[in-house]
1. Report the residue count in segment 195-228 for those that are closer than 21 Å to Trp99 by Cβ, crowded, with 17+ Cβ neighbours inside 10 Å and not aliphatic (A, V, I, L, M).
2. Here's a check for you: in segment 29-49, which residue that is in a loop (DSSP other than H, G, I, E, B) and in contact with a helix residue (DSSP H, G or I) (Cβ under 7 Å, 6 or more places away or on another chain) is surrounded by the most Cβ atoms within 10 Å (Cβ to Cβ)?
3. Kindly list, by first and then second residue, each pair from a residue in segment 263-279 that is touching a residue at least 24 places away in the same chain (Cβ under 8 Å) to a residue that is among the β-branched types (Val, Ile, Thr) and not in a helix (DSSP H, G or I), limited to pairs with Cβ atoms under 6 Å and residues at least 6 apart or on different chains.
4. Kindly indicate the residue of segment 235-291 that is hydroxyl-bearing (Ser, Thr, Tyr) and over 30 Å from Gln327 (Cβ atoms) and also surrounded by the most Cβ atoms within 10 Å (Cβ to Cβ) among those meeting that condition.
5. Looking at segment 164-185, which of its residues are of a type in the set (S, T, N, Q) and surrounded by fewer than 16 Cβ atoms within 10 Å (Cβ to Cβ)?
6. For segment 292-305, name all the residues that are within 16 Å of Pro259 (Cα to Cα) and surrounded by fewer than 17 Cβ atoms within 10 Å (Cβ to Cβ).
7. Filtering segment 106-123 down to residues that are in a loop (DSSP other than H, G, I, E, B) and modelled with pLDDT of 95 or more, which residue is farthest from the chain's Cα centre (by Cα)?
8. With respect to the numbered conditions (1) more than 21 Å from the chain's Cα centre (by Cα); (2) closer than 30 Å to Arg235 by Cβ, which one is the sole condition not fulfilled by Glu86?
Amino acid sequence: MKSLLLVVLMLLSSGSMHAIEKDSVSDWALPEGSELIDINGHALHFRQLGKSQRAKPYLLLLSGPTDNWHSDSGWWSLAQNFLAQEYRTVVIDRAGHAWSESVKNPSYQYFAKDLAKFIVQQDDPVIIVAFASSNLSVHMLLKDNEAAAYVKGAVLIDPDVLTRHSIGHYSSETERYRKGWSEIEQFINDGKYDDIMQQKINDEREHLQSIISGEHEHYMDWNFYSAIEKVRNTRRYQLDKFRETTHYREDLIQAQNNPLPVDLPLVIIDSDFETGYLPKIEDESVKASIIQWRDEGRDWFFQIAQKSECGAYWPVASQEHLIMMEQPELLTRAVEKILSCEQQN
């Protein structure tokens with residue numbers, strides 16, 4: 001992933017490119033199935049699909065970032081429909097993502113408090129399915145005893161690795177964002193990131209089209225994903241997503257300081273997406289850091305699963321990070337594993 005700060009330094013002197021919408025997304029019509037809910041004094045977007053089955057927990061789907069830091073419910077455009085065949089599913093967006101209202105200092109810690117309030121309001125048992133860095137919010141959410149009582153298990157898909165090296169690897173780029181924030185903010189507000197962003201969005205769609213199989217294509221809600229793309233292509237969203245990264249290192253450290261409880265039923269799905277980066281990297285020190293991060297992750301995930309009273313570590317050979325787009329059936333199996341833990345008790 002090319003550092004935005006590097007792009008800023010390269011293009012700061014260039015003229016304004018084509019304008020994208022700068023207005024708040026709050027006036028836009030929500031997609032079918034989407035709603036806004038007031039949580040802790042601000043509106044969050046959530047989308048509910050599937051029938052209510054009181055005998056089963058509902059599934060709470062959380063998004064984390066991919067290479068372009070997009071970290072919204074768009075990544076659940078396929079798997080939510082797939083899972084909704086058997087479960088009530090709810091996808092919810094952090095403040096500043098999708099149609100969720102912006103806040104002054106967005107972070108995974110902030111979202112953990114929002115999640116706790118949301119879960120208590122639902123007053124139903126829940127299994128959390130968290131992709132990428134959203135596991136940070138899960139760590140901190142479970143500090144809230146009232147909300148934690150509703151959480152019957154968690155499925156973590158390529159979660160952040162909370163070891164010293166990996167935290168340093170993740171935050172090396174975001175610390176540059178934090179220190180260079182005023183330049184980044186000006187760069188985006190001036191429209192100098194517009195064309196770059198449009199190209200990234202185009203590339204993401206092309207990538208998704210290449211990994212979704214014919215077997216799963218009918219589950220993909222391209223209308224919803226297109227609506228998400230429109231939001232991603234606003235300067236408001238770009239500012240919010242990068243502003244959130246300036247708190248990333250502190251989020252990682254706080255999650256590290258709050259390990260998952262051993263009595264939490266747990267499945268960790270670990271794709272080999274890190275290996276896919278290696279052929280593109282020329283800097284040997286960066287390549288070595290990625291290898292160490294990948295290998296630490298495998299060991300760390302396995303240890304967490306072993307410590308859990310009902311845990312499982314599932315390594316996946318695929319180098320695709322968006323494994324829920326490529327293999328949504330894995331999530332069904334993981335949820336079934338969590339439910340079997342509950343039955344054993």
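The values are calculated or read from the model by the stated rules, or taken from the named source; none is laboratory data. Small disclaimer: the values here were computed from a predicted structure and weren't measured. Counting neighbours? That spans all protein chains shown, and the Cβs are built from the backbone with ideal geometry, glycine included.
1. Of the residues in segment 195-228, 5 are closer than 21 Å to Trp99 by Cβ, crowded, with 17+ Cβ neighbours inside 10 Å and not aliphatic (A, V, I, L, M).
2. Looking at residues that are in a loop (DSSP other than H, G, I, E, B) and in contact with a helix residue (DSSP H, G or I) (Cβ under 7 Å, 6 or more places away or on another chain), I get Pro31.
3. Val267/Val155; Ile269/Ile157; Ser271/Val316
4. Ranking the candidates gives Thr246 first.
5. Residues satisfying the conditions are Ser172, Ser182.
6. Within segment 292-305, Asp299, Phe302, Gln303 qualify.
7. Only one residue fits best here, namely Pro106.
8. Just one mismatch for Glu86, condition (2).
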